[in-house]
Amino acid sequence: MDEVEFERVIQQMPMGACIINEQCIITFTNSAFFGGLTTRNDHLTGQNLLTIFAEQARFLKRKIDSVFVLKNPSFSYWQQRPHVFPMRSTRPITGDESQMYQNVQFMPIINHNGDVGHVCIVVTDVTAEASYFMQQTALKNELERDHKKLKQLHDELKTAQKQMLQSEKMASIGQLAAGVAHEINNPIGFVRSNLETLNDYMDKLIKTNETQKKIISKQAEPRFIALLDDVYEKNGIAFICEDLPELVEESLEGTERVRKIVNGLRDFASPDNETWCEVNLSAEIGSALIVLENEIKYKATTAVTLPEEDIVFWAKPSAIRQLLFNTMINALHAMQPMGVLSIECGYNNKDILLSISDTGCGIEPDDLARIFDPFFTTKDVGKGTGLGLSEVYATVQEHQGEVNVTSELGKGTCFEFTFKADLR
Amino acid sequence: MITLSEEEQDALQEIMNISMGQAADALARLIQTKVALSVPAIEALSPEAFQGMLEGLKSSWSARQSFVGSIRGEVITSIQKEGCEALADIMDFDLPLDKAATEELVLEVTNILSGACLQGFTSQLELTTQLNMPAFYYPENAIKNIDWSSVLVIEVDFKIEHMKFDARVLIGLSEGSIEQALIPIRALLEE
């Protein structure tokens, strides 16, 4: 091949080539380089590269200098510097990009003395690769975003599942409680009734015994009386007669307490029937306090103010029970021992007012707006479902009532409920 | 495992000393700043030992550059992050460095160092090689599918004292290339 043929090959090469001398004067450009430029120059040969491409002059000079000094090629990549030379995209019809993405090589051309006489700048069009790479990157980012979203969703689902399990657990506890209540109810029933009978028998026996003793002391010989007194004393009959009624009385009281607890458990556990009925709010408060007695006794004293006449209104009994229970439990959890749990209930025209307040830690002002949100909880993970107060809110809504919460950090929180007395 | 005779080791060491000195010189001329360099360490490493060496690069910026020709291998250059800004300043980069500019700086310095180092010793041994474009390298994952049993590594440190610039150049020669590089060395020793 002769020189003309070589030049033709270089001219037709599908990459831009531009040769400069040590003064950065352009000595040659091929058609891909010249034709690709978006700036219109009549000719490039003889002109200074750094003047023509003034915007990239600093960068070009740095690269070219290093090639002249080190006699080694230098490179530039589209990732860091996408458009070294202003060239239009080679995909003018279908491409999204208007400018060509370029990889540029600066190659030393060694002369006869072994020095770098010229530098050949080769511009490779990598628009397609760059575009593909950027698409892939965008896709990857999108996938990562989706993945993150899915993961979040998955976590939420897991939490929801956990909460469902929790409420199922609560439901089975309810069933268990109902079962236990039923089982206890029967034996405690006959224990109580037997105790009452025993009480009656005991009264009669003691009275008979006393009468007997009186008669004997009047009629019998002194020796016989002394013997009897001795037997009485040895067996502590006088003390037994005194203590027996107290023991029976205490046992009866005990069974009464068991009965109340059982009733409380049964009320708590009674299945969610959707029927509305006349609900005795005063009684419900009483039974809630009994159910919570164990929680309360180490945490707080209670101050309950109820009107003499029972407050009765049209409501869903199980929902109201749950409302009382959830609100009281929260109040108890907020308190360090010993606090005061106050419950007040009364009428205001046609409204029923119920307030439940504690002397606990209070609610952060930022949290106050969110306490009724489902799953909002400040308790540790696994300790609270964040459903209690949302159930309360749902119940209030269902009963066309209102709830107002005031709280002061370190002082306590007050839930004020308003229900319609004439909802029916 | 490659074993070099004592004479071969000495000769190779001598050649490396000269060529790395030339590399430091060229670099100093380019950036108009004095560059200090360590005595090149030449060592044949097992894949495990080489992996261990790469582990040590994790806190630095790294780039790799392959070379092909009569000898083949890769140059891995790692530059401590601390001195980058100062170097960028004397190399006429815009400060502060953004991500793209940092990458460009690391690739440029890699290209300069590997070019200079490789050229020095290939020209002394009259070998011909050509460097490919450098690419950023994150030696985070272990090298998989290793099909070699040992690699000859030439390690040199370049430092610019007053600007905390510290770069380590590892030239790894592939197994077949070591024999190739030893031919001219043995010829020199026989003379």
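Of B:Gln22, B:Gln9, B:Gln51, all but one fail to be crowded, with 16+ Cβ neighbours inside 10 Å, of a type outside the set (A, V, I, L, M) and in a helix (DSSP H, G or I); the exception is B:Gln22. Exactly one residue out of B:Gly176, B:Gly115, B:Gly120 is of a type in the set (Gly, Ala, Ser), assigned to a helix (DSSP H, G or I), within 14 Å of chain A (Cβ to nearest Cβ) and farther than 18 Å from A:Lys63 by Cα, and it is B:Gly120.
Please tell me if B:Glu108 is within 14 Å of chain A (Cβ to nearest Cβ), under 28 Å from B:Asn17 (Cβ atoms), of a type in the set (Asp, Glu) and not in a strand (DSSP E or B). Yes, satisfied.
Listed conditions (1) outside any helix (DSSP H, G or I); (2) within 14 Å of another protein chain (Cβ to nearest Cβ) are all met by A:Gln56, apart from (1). From the residues in the stretch B:1-39 that are away from chain A (no Cβ under 14 Å) and of a type in the set (Val, Ile, Thr), which one is nearest to B:Glu191 (Cα to Cα)? Here the residue is B:Ile15.
Quick check: anything in the stretch A:258-269 surrounded by 13 or more Cβ atoms within 10 Å (Cβ to Cβ), part of a strand (DSSP E or B) and within 43 Å of the chain's Cα centre (by Cα)? Looking for residues that are surrounded by 13 or more Cβ atoms within 10 Å (Cβ to Cβ), part of a strand (DSSP E or B) and within 43 Å of the chain's Cα centre (by Cα), one finds none in the stretch A:258-269, hence no.
Only one entry in B:Asp98, B:Asp92, B:Asp147 is under 24 Å from B:Ser46 (Cα atoms) and without any contact (Cβ under 8 Å) to a residue 24 or more places away in the chain, namely B:Asp147.
Take B:Thr77 and tell me if it is in contact with a Gly (Cβ under 9 Å, 6 or more places away or on another chain) and within 14 Å of chain A (Cβ to nearest Cβ). Walk me through it before giving the result.
Working: in contact with a Gly (Cβ under 9 Å, 6 or more places away or on another chain): no; within 14 Å of chain A (Cβ to nearest Cβ): yes.
Answer is no for this residue.
Take the conditions (1) assigned to a helix (DSSP H, G or I); (2) free of Cβ contacts under 8 Å to residues at least 40 places away in the same chain; (3) of a type outside the set (Asp, Glu); B:Gly83 misses just one of them, which is (2).
Of everything listed in (1) touching a residue at least 24 places away in the same chain (Cβ under 8 Å); (2) outside the structural domain of A:Leu49 (by TED's automatic domain parsing), the single unmet condition for A:Tyr132 is (1).
Restricting attention to the stretch A:213-252, and to residues there that are among the polar types (S, T, N, Q) and closer than 30 Å to A:Arg192 by Cβ, which single residue is farthest from the chain's Cα centre (by Cα)? Ranking the qualifying residues of the stretch A:213-252, first place goes to A:Asn235.
Got a sec? Which of B:Pro134, B:Pro139 is in contact with a helix residue (DSSP H, G or I) (Cβ under 9 Å, 6 or more places away or on another chain), buried (at least 18 other Cβ atoms within 10 Å of the Cβ) and either on the phi > 0 side of the Ramachandran plot or within 14 Å of chain A (Cβ to nearest Cβ) (or both)?
Being in contact with a helix residue (DSSP H, G or I) (Cβ under 9 Å, 6 or more places away or on another chain), buried (at least 18 other Cβ atoms within 10 Å of the Cβ) and either on the phi > 0 side of the Ramachandran plot or within 14 Å of chain A (Cβ to nearest Cβ) (or both) holds for just one of B:Pro134, B:Pro139, which is B:Pro134.
Filtered by the rule that a residue be surrounded by fewer than 16 Cβ atoms within 10 Å (Cβ to Cβ) and within 18 Å of A:Leu60 (Cα to Cα), the stretch A:84-112 gives A:Pro86, A:Ile109.
Conditions tested, residue by residue: (1) surrounded by fewer than 18 Cβ atoms within 10 Å (Cβ to Cβ); (2) out of contact with any strand residue (DSSP E or B) (no Cβ under 8 Å at 6 or more places or on another chain); (3) touching a residue at least 60 places away in the same chain (Cβ under 8 Å).
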site: A:His43; (1), (2), (3): yes, yes, no
site: A:Asn48; (1), (2), (3): yes, no, no
site: A:Ala54; (1), (2), (3): yes, yes, no
site: A:Arg58; (1), (2), (3): yes, yes, no
site: A:Lys61; (1), (2), (3): yes, yes, no
site: A:Ser66; (1), (2), (3): no, no, no
site: A:Asn72; (1), (2), (3): no, no, no
site: A:Gln79; (1), (2), (3): no, yes, no
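Does B:Ile71 satisfy the criteria of being more than 10 Å from chain A (Cβ to nearest Cβ), in contact (Cβ under 8 Å) with a residue 24 or more places away in the chain and either surrounded by 17 or more Cβ atoms within 10 Å (Cβ to Cβ) or basic (Lys, Arg) (or both)?
Working: more than 10 Å from chain A (Cβ to nearest Cβ): yes; in contact (Cβ under 8 Å) with a residue 24 or more places away in the chain: yes; either surrounded by 17 or more Cβ atoms within 10 Å (Cβ to Cβ) or basic (Lys, Arg) (or both): yes.
In short, yes.
The values are calculated or read from the model by the stated rules, or taken from the named source; none is laboratory data. The model shown is predicted, which means the values in this text are computed figures rather than measured ones. In this analysis, Cβ positions are derived from the backbone assuming ideal geometry, glycine residues included, and neighbour counts consider all displayed protein chains.
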